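Everything below concerns the one structure shown next.
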Amino acid sequence: MKFTILLTIFLTLIVSAEEIQVKANLFNTDEKNGLSTFEGNVNVLKGHDELNASKVTIYTDEKHNPTKFIAKGDVSFNIHTLDGAVYKGKAGEVIYLPVKKEYLFFGNVHLQQVDEKKEIIGEEVVLKTIEGKAYAKGAKKEPVIMIFDIVEKEEEKW
């Protein structure tokens, strides 16, 4: 019961423009240092966005507003950008910066833009949801792989 009350109070404090809901098997917080850790089957919902991981650490400022989310371990996600693009995928680690609305993906990243049938595979990928831009970097021995469809027009008949 104490856990549920504490979790409810904490989540109320970190709500910004959109409600954030976090579910996990274990929750620890250090309000003085602005640090909260969720472990075990972590599920984070923010609007239409969803993030799943083994562990999520949320950093907050002095007003209890979230400044950074770090998700580690079997991370999967579903993200909607401001221009309506939908991304889903997985990575070893994901960092979300709410002020910039920017996602940083690390470790065996598979990022798929669902509505455009585009896919990026690499070691580091940055997704800027405000601008609708993505950047990728491969590992030392592995290149970045970009997969997409090309629609070709049929040749005009005379």
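The values are calculated or read from the model by the stated rules, or taken from the named source; none is laboratory data. Everything numeric in this text was worked out from a predicted model, so none of it was measured. All Cβ positions, glycine included, derive from the backbone under ideal geometry; neighbour counts span all protein chains shown.
Here are 127, 104, 111: which of them is without any contact (Cβ under 8 Å) to a residue 24 or more places away in the chain and part of a strand (DSSP E or B)?
Of the residues listed, the single one that is without any contact (Cβ under 8 Å) to a residue 24 or more places away in the chain and part of a strand (DSSP E or B) is 104.
Which one is nearest to residue 53 (Cα to Cα), of the residues in the range 8-28 that are touching a helix residue (DSSP H, G or I) at 6+ places or on another chain (Cβ under 8 Å) and modelled with pLDDT of 90 or more?
Across the range 8-28, the extreme among qualifying residues is 22.
Run down 95, 79, 120, 130 and say which single residue is surrounded by fewer than 14 Cβ atoms within 10 Å (Cβ to Cβ) and β-branched (Val, Ile, Thr).
Checking each option against the conditions leaves just 130.
Exactly one of (1) modelled with pLDDT of 90 or more; (2) of a type outside the set (Lys, Arg); (3) touching a Leu at 6+ places or on another chain (Cβ under 7 Å); (4) surrounded by fewer than 19 Cβ atoms within 10 Å (Cβ to Cβ) is unmet by residue 33. Its number?
The one condition residue 33 does not meet is (3).
Does the range 21-47 hold any residues that are assigned to a loop (DSSP other than H, G, I, E, B) and farther than 17 Å from residue 102 by Cβ, and which are they?
Residues satisfying the conditions are 24, 25, 34.
Would the range 129-143 turn up any residue that is of a type in the set (Lys, Arg), out of contact with any Phe, Trp or Tyr (no Cβ under 8 Å at 6 or more places or on another chain) and modelled with pLDDT of 85 or more?
No, the range 129-143 contains no residue that is of a type in the set (Lys, Arg), out of contact with any Phe, Trp or Tyr (no Cβ under 8 Å at 6 or more places or on another chain) and modelled with pLDDT of 85 or more.
Of the residues that make up the range 101-112, is at least one aromatic (Phe, Trp, Tyr), farther than 25 Å from residue 19 by Cβ and surrounded by 14 or more Cβ atoms within 10 Å (Cβ to Cβ)?
yes
Give 120, 147 a once-over and let me know the one that is modelled with pLDDT under 85, in a strand (DSSP E or B), at negative phi and out of contact with any Lys or Arg (no Cβ under 9 Å at 6 or more places or on another chain).
Being modelled with pLDDT under 85, in a strand (DSSP E or B), at negative phi and out of contact with any Lys or Arg (no Cβ under 9 Å at 6 or more places or on another chain) holds for just one of 120, 147, which is 120.
Here are 52, 41: which of them is modelled with pLDDT of 90 or more and more than 15 Å from the chain's Cα centre (by Cα)?
The conditions single out 41.
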